[in-house]
Amino acid sequence: MAQTKDFTEEEEKNYNTIKSLFEHFKDKGYDSAQRDFVFKHFVYFDNVLADTSKTQILKRTKFFDELFSQMIHYVDSVGMENLDAAPTRLFKDNPTFFKSFEAESDLNKFLPFTLTYYDKRRPREPIGVLLFEPKTHKLLTWILLNQGGYYYFLTFNLL
């Protein structure tokens, strides 16, 4: 477990969400029958687009199911005991990784709401970034895209 003494109260809430999520799914897969439970407890999924047609909502939830299932599979394949997360701000000593969060970047405003996950066997080598919704501390996304040096989080209401 990460040294939560270095976490703010908000970061600790985010950490507890992701820890609880993976403990819940440890050694069991995800299927769409669990979606409502996941949305209620762990993942912030909001249809905020102007196009909230039933077809578009179904498309987004199907895409969510596919990606979420892959995330759970990844955690199982690496082993939950090998993974941990810490506030992204604690990775400033990795300039290649932290570059996307520097003060002049668009992502800097999201820094307080992120945790970076890593393999405990290589704790200074980040694997990815988790973004949390600030009020509920639910996971917004675990997908950070880089398109030609422009970084952005892919949230499910953008699909």
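The values are calculated or read from the model by the stated rules, or taken from the named source; none is laboratory data. Quick caveat: nothing in here was measured; it's all calculated off a predicted structure. FYI the Cβ positions are ideal-geometry reconstructions off the backbone, even for glycines, and counts take in every protein chain you see. Heads up: the accessible areas ignore ligands, DNA and RNA and are worked out on the full protein's heavy atoms, side chains in. Shrake-Rupley method; radii C 1.70, N 1.55, O 1.52, S 1.80 Å.
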Rg/Rh for segment 1-117: what does it come to with C-alpha atoms and Rh from Kirkwood?
-> 1.00
Label-to-label distance, nm, for residues given as LYS99 and ASP31 (7 Å Cα→Cβ offset) = 4.4 nm
Would you work out what percent of the accessible area of segment 48-119, with all protein chains in place, is carbon or sulfur (probe 1.4 Å)?
-> 59 percent
Treating only the Cβ atoms of Lys and Arg (+1) and Asp and Glu (-1) as charged, compute the dipole magnitude of the chain about its Cα centre; round to the nearest 20 debye.
-> 160 debye
Extend 7 Å from the Cα of GLU81 along its Cα-to-C-beta direction; within segment 1-40, residues with backbone N under 14 Å of that point are 1, 27
Gained length - THR8 relative to LEU58, 0.36 nm times residue gap less alpha-carbon distance = 14.3 nm
In nm, spacing of pseudo-spin labels at ILE127 and HIS24 (7 Å Cα→C-beta vector) = 2.0 nm
Can you list the lysines whose alpha carbon is less than 30 Å from that of LYS28, not counting same-chain residues fewer than 8 positions off?
-> LYS13, LYS19, LYS40, LYS54, LYS59, LYS62, LYS120, LYS135, LYS138
